Structures are given as structure tokens and as C-alpha cells.
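A quick write-up on the structure given underneath.
The values are calculated or read from the model by the stated rules, or taken from the named source; none is laboratory data. This one's a predicted model, so the numbers in the text were calculated from it and none came from an experiment. Glycine also receives a Cβ, built like all others from the backbone with ideal geometry; neighbour counts cover every protein chain displayed.
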Amino acid sequence: MIASLAQFEKELIRERTMAGLAAARARGRVGGRPTVWIQDKLRTARAMRDSGDYDVTAIARVLGVSRASVYRALGLPTLELGSSESESA
């Protein structure tokens, strides 16, 4: 009995949350963490990478972002732990 009331309350909370998010989107509000990548930073990162003088760590340090952000923004492949070239052949 108590479990069914808890589930009902959980569903109500979920419905209200979804309605609130939809109302915020209708007002032009977007949720989530703001991106660190403005166009200037992205252009700079691409230029640094294309020059061949900088590695990902240096690019991240200069631009003040994480290495993961650089890999993601530039679409560079990352090495997965435990994988090797011979396994894929």
C-alpha cells in the first residue's frame, strides 16, 4: 500500500518536472551546462592542431579547457584503455 502511494507521488513529481521543463523551453530557456567552446576558441584550437606544432595537452592548457574537451571539439580519435592494434586486425 505504501509502495503504491510512493510510486504515485514519484509519477506526480516526474509529470510536474517535465511540465516545468517544457514551459521553460517554450519561454526560450535551455537547460544544461554552458559550453566552454566559443567560435574563437574553436578556430584557435583547429589552427593550433593543423599547424602540427602543438599536441592536445598544449592546446588544452593554452585555451583553458580539458584535454577531453579538445578531443571532443576537434573530433579526434581517443585511445581506449586495454585496446591494441593487434586486437582489431
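What pairs come up if the first residue lies in the range 30-54 and is assigned to a helix (DSSP H, G or I) and surrounded by 10 or more Cβ atoms within 10 Å (Cβ to Cβ), the second is among the charged types (D, E, K, R) and at pLDDT 95 or above, and their beta carbons are under 7 Å apart, counting only those six or more places apart or on different chains?
Partner pairs satisfying both residue conditions: none exist.
Determine which member of the set T44, T35 is at pLDDT below 90 and among the β-branched types (V, I, T).
The unique qualifying residue is T35.
Considering the range 55-69 alone, what residues qualify as being charged (D, E, K, R) and in a helix (DSSP H, G or I)?
Once the filter is applied, which keeps residues that are charged (D, E, K, R) and in a helix (DSSP H, G or I), the range 55-69 yields R61, R67.
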